[in-house]
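The values are calculated or read from the model by the stated rules, or taken from the named source; none is laboratory data. Computed from a prediction, not measured in an experiment: that's the story for all the values here. Here the Cβ positions follow ideal geometry from the backbone for every residue, glycine too, while neighbour counts run over all protein chains shown.
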Amino acid sequence: MDLKKYIRSIKDYPKKGILFRDITTLVKDPAAFNYAVESIVNITKKLKFDKISAIESRGFIFASAVSYICKKPLILLRKKNKLPAERHSIDFELEYGQATIEVHKDSIDKKEKILVIDDLIATGGTAEAAGKLIEMSGGTVAGFIFIINLFDLPGEKKLKDKNYFVESLVNFPGH
């Protein structure tokens, strides 16, 4: 199945000059969503990991289904001030601003291997922050799986240069 057909592109969102790749059109199609989740599950067979982490918010959609199928715990990496218990935080740069993600301090045990799932890799700021957050918590990054890689932006290369496993289901230009 060609998942590109199910991903809508929106010009100048969330700001002028950004070509937003919208996965809501993919998840509303049961066959496409199922194919995407099963494709991620097949990629996970290459990896050894203890838990799955998802980056807020679109990563939650895919990671929760994969967590269920793989029978692995799910860790939520959330935006600032969304988690109620003690947490680790990291600030980072986005293509269009700054952000913070957090994880509960009790989500990751020492030396656990954590797989990161998100909808898209662009400049790599969010993914790199997720990796740092996992390592700050005492875990190691088992790898990153994305639905979309914006291949002409530096995110994938940034992660691979750190020797992380990185795989995506589809590739699009970023602009």
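Considering only residues in segment 118-138 that are of a type in the set (Asp, Glu) and surrounded by fewer than 23 Cβ atoms within 10 Å (Cβ to Cβ), the one that is farthest from the chain's Cα centre (by Cα) turns out to be GLU135. When PHE92, PHE33, PHE20 are checked against the criterion of being aromatic (Phe, Trp, Tyr) and at pLDDT 95 or above, PHE33 stands alone in meeting it. Evaluated against (1) surrounded by 15 or more Cβ atoms within 10 Å (Cβ to Cβ); (2) over 30 Å from MET1 (Cβ atoms); (3) touching a helix residue (DSSP H, G or I) at 6+ places or on another chain (Cβ under 8 Å), GLU93 falls short on exactly one condition, (1).
One line per residue, one yes/no per condition, for (1) without any contact (Cβ under 8 Å) to a residue 24 or more places away in the chain; (2) touching a Gly at 6+ places or on another chain (Cβ under 6 Å); (3) among the β-branched types (Val, Ile, Thr):
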site: ALA63; (1), (2), (3): no, no, no
site: ILE69; (1), (2), (3): no, no, yes
site: LEU76; (1), (2), (3): no, no, no
site: GLU86; (1), (2), (3): yes, no, no
site: GLN98; (1), (2), (3): yes, no, no
site: SER107; (1), (2), (3): no, no, no
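Only one entry of ASP12, ASP29, ASP2 meets the criterion of being on the phi > 0 side of the Ramachandran plot and not hydrophobic (A, V, I, L, M, F, W, C), and that entry is ASP12. Could you tell me whether any residue of segment 107-116 is surrounded by fewer than 21 Cβ atoms within 10 Å (Cβ to Cβ), more than 22 Å from ILE40 (Cα to Cα), of a type in the set (Gly, Ala, Ser) and touching a strand residue (DSSP E or B) at 6+ places or on another chain (Cβ under 9 Å)? Checked segment 107-116: no residue is surrounded by fewer than 21 Cβ atoms within 10 Å (Cβ to Cβ), more than 22 Å from ILE40 (Cα to Cα), of a type in the set (Gly, Ala, Ser) and touching a strand residue (DSSP E or B) at 6+ places or on another chain (Cβ under 9 Å). The set of residues from segment 66-77 being out of contact with any Ser or Thr (no Cβ under 6 Å at 6 or more places or on another chain) and buried (at least 19 other Cβ atoms within 10 Å of the Cβ) comprises VAL66, SER67, LEU76.
Residues of segment 52-75 that are farther than 16 Å from ASP109 by Cβ and among the aliphatic types (A, V, I, L, M): ALA54, ILE55, ILE61, ALA63, ALA65, VAL66, ILE69.
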